[in-house]
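K.L.:
One structure coming up, written as structure tokens, with questions to follow.
The values are calculated or read from the model by the stated rules, or taken from the named source; none is laboratory data. What you are looking at is a predicted structure, and each value in this text was computed from that prediction instead of being measured. Glycine also receives a Cβ, built like all others from the backbone with ideal geometry; neighbour counts cover every protein chain displayed.
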Amino acid sequence: MNKKSKYFDSIRVKPSQDRLKPETEPTCEVNGCEQPGVHRAPKGRGQDGEYHLFCMAHVRQYNKSFNYFKDMPDVDIASYQKSARTGHRPTWSLGTNNGPADTDDPAVQGRDNPRFSDAFGFFGEKTSGGPSPEPRKRQIRNAERKSLATLGLDIDVKPVEVKAQFKMLVKRHHPDANGGGQEFEEKLREIIQAYDYLKASGFC
């Protein structure tokens, strides 16, 4: 390969002509200053992303007098500082579902707004339109059905009725009330076991 070929030189990272050119630096933007302007300084509010180019001495002088809020009303300054706490993004009050806290738009305000819909009742309020959903019934397991049958009760019985039935059966089948018969003792044991199971499972 001929390293002096014009084709070889054109594919190099920096061709020889560019390497020989002196790198020019911008001069300071201050009138009469011939120093290189290699230090950037922001131009100010309304010109975000734009910069002046100064030398070291003039960029220090510029930074000392720079005021982003110059000629800005105090009310606007306070509003800007408040918005800066959240990165100038909208915020919502925690847990109220009110929409942005800093808006007066009725389209995004809370649950009293007719546009707000709680179709599944997540917030515990009756929805507008349609009947309120029925409470979900507890599923009865087979062991609980058997225990209720032992006590002579249906599956729709209330916990208070279970307790009253248990007390009544204990008195009826207690050995003292039946002359100490063994068959009553066995029945009493089954009743107590059935009630204990229902109580442990949270049925009553």
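K.L.:
Given the options 156, 176, name the one that is part of a loop (DSSP other than H, G, I, E, B) and modelled with pLDDT of 75 or more.
P.N.:
Criteria check complete, one pass: 156.
K.L.:
Shifting gears a bit: Which residues, counting only those in the stretch 29-66, are without any contact (Cβ under 8 Å) to a residue 24 or more places away in the chain and at positive phi?
P.N.:
32, 46, 49
K.L.:
Among the numbered conditions (1) assigned to a helix (DSSP H, G or I); (2) of a type in the set (A, V, I, L, M, F, W, C); (3) at pLDDT 85 or above, tell me where residue 107 comes up short.
P.N.:
Unmet condition: (3).
K.L.:
Going by the conditions given, is residue 46 at pLDDT below 85, part of a loop (DSSP other than H, G, I, E, B) and either among the small types (Gly, Ala, Ser) or in contact with a Leu (Cβ under 7 Å, 6 or more places away or on another chain) (or both)?
P.N.:
Yes: the conditions hold for residue 46.
K.L.:
A further question follows. What are the residue pairs meeting all of these: first residue in the stretch 161-175, first residue in contact (Cβ under 8 Å) with a residue 12 or more places away in the chain and under 18 Å from residue 199 (Cβ atoms), second residue surrounded by fewer than 14 Cβ atoms within 10 Å (Cβ to Cβ) and of a type outside the set (A, V, I, L, M), Cβ atoms under 9 Å, and 6 or more apart or on different chains?
P.N.:
165/152; 169/152
K.L.:
Right, something else. Scan the stretch 58-82 residue by residue and report those that are of a type in the set (S, T, N, Q) and in contact with a His (Cβ under 7 Å, 6 or more places away or on another chain).
P.N.:
Correct list: empty.
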